[in-house]
Amino acid sequence: MARTPRNTLSADLIVRTALGLMEAKGTDAFSLRGVAAELGVGPMALYTYFRNKDELYDAVRDHLMSLLPDVPADASWPDQVRSVCRSLRLLMLQHPCLAQLLAGRPLSGHETARVAEGLLGVLRSAGFGPEAAARTHTTLFTYVLGATSWEIQMAAERRDPEAWRRLRATMESLSAREFPSVVELAPELARTTGGDEQFDYGLDLLLAGLQVRTPS
């Protein structure tokens with residue numbers, strides 16, 4: 001492994017290297033020692049920039065969240081909400097490690113707060129009171145995180161022939177007498193494990209309910 005040239009180590013280089021390792025191996029297999037080895041430096045060199053693994057996790061998550069576009073100013077509030085939610089889903093699909101980072105440390109980082117500020121601002125401008133805006137923000141965030149994490153996991157299983165074989169075997173073994181609806185709707189259930197149409201279906205249901213409740 002080539003060593004990083006003297007005086008070129010930086011927080012940005014460490015974050016980009018950590019992101020590459022997370023995307024290659026997943027956050028569970030990630031370590032500061034692995035980042036140091038990838039950079040060709042001793043582990044202690046990283047502590048000049050990050051005191052521990054959690055700080056580096058937060059820096060990687062902030063880096064990714066900073067890639068999200070601002071809320072479109074010239075759209076209706078439901079379309080503004082759609083834009084935020086769709087953008088966050090797309091970013092997680094492009095960088096699956098982000099879903100794990102958000103699930104593990106959801107309240108850390110300035111960029112996460114920036115995204116929350118944008119969405120909360122949309123809701124407050126639409127007429128939601130303080131508690132309603134907070135509850136709506138949490139509901140939307142957990143929907144995007146949960147739906148996209150599920151989509152990422154199902155996509156990974158489809159790429160794994162053995163996992164996909166086990167899933168098919170499980171579905172085919174179900175008794176139509178005991179699980180009539182599951183057996184009957186198996187093809188439809190398989191088509192709703194992810195994708196733009198399914199994500200927008202759930203998001204539209206949430207927005208339809210929100211539009212009934214908003215006072216404006």
On alpha carbon coordinates alone, what is the Rg over Rh value for the stretch 169-216, Rh being the Kirkwood radius? 1.23
If you average 1/r across every pair of different Cα atoms in the chain and take the reciprocal, what Kirkwood value do you get, in Å? 19.8
If one puts a single equal scatterer on every Cα of the stretch 80-147 and applies the Debye formula without solvent, what log₁₀ I(q)/I(0) results at q = 0.29 Å⁻¹? -1.48
Surface accessible to a 1.4 Å probe, per residue, for the residues of the stretch 57-216, Å²: 58
Between the residues Thr148, Gly209, Ala45, the Cα farthest towards the positive end of the dipole of the chain, that dipole coming from +1 and -1 charges on the beta-carbon of Lys, Arg, Asp and Glu, is from Ala45
Electrostatic dipole magnitude of the chain [Cβ: Lys, Arg +1; Asp, Glu -1; Cα centre; debye, to 20]: 580
Magnitude of the Cβ-charge dipole of the stretch 32-117, K/R +1 and D/E -1, about the Cα centre, nearest 20 debye? 300
Return the tail of the calculated pair distribution for the stretch 65-112, meaning the percent of Cα-Cα pairs more than 15 Å apart. 49
Report in % the part of the accessible area of the chain that belongs to carbon and sulfur, leaving out ligands and nucleic acids; probe 1.4 Å. 55
Contour excess over end-to-end distance, with Cα ends at Ala24 and Leu93 and 0.36 nm allotted per residue: 23.4 nm
Assuming 0.36 nm per residue, please report the length gained on full extension of the stretch Ser175 to Gln198 beyond their Cα-Cα distance. 5.6 nm
Sorted from largest to smallest, which semi-axis lengths in Å does the alpha carbon gyration tensor of the stretch 99-216 give for its equivalent ellipsoid, taking the root of 5 times each eigenvalue? 35, 19, 10
Pull out the extension gain between Arg135 and Ala73, defined as 0.36 nm times the separation in residues minus the alpha carbon to alpha carbon distance; nm, one decimal. 20.1 nm
Compute the distance from the alpha-carbon center of the stretch 66-122 to that of the stretch 137-153, in whole Å. 11
Under Karplus coefficients 6.51, -1.76 and 1.60, residue-wise ³J(HN,Hα) of the stretch 138-149 in Hz, glycine/proline x: 4, 4, 5, 4, 5, 5, 4, 5, x, 5, 6, 4
Residue among Thr27, Leu120, Ala132 farthest towards the positive dipole end of the chain, charges placed on Cβ: Thr27
Each label point is 7 Å from the Cα along the Cα-to-Cβ direction; what then is the distance between the points at Arg158 and Thr48, in nm? 4.6
Check each of the trypsin sites (Lys or Arg not before Pro) in the stretch 1-93 and keep only those in coil by DSSP with at most 12 other C-beta atoms within 10 angstrom; list them in order. Arg3, Arg6, Arg51
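The values are calculated or read from the model by the stated rules, or taken from the named source; none is laboratory data. Since the model is a prediction, treat every value here as computed from it, not as a measurement. Every residue, glycine as well, gets a Cβ built from its backbone with ideal geometry; the counts of neighbours run over all protein chains shown. For accessibility, only protein heavy atoms count, side chains too; no ligands or nucleic acids. Shrake-Rupley method; radii C 1.70, N 1.55, O 1.52, S 1.80 Å.
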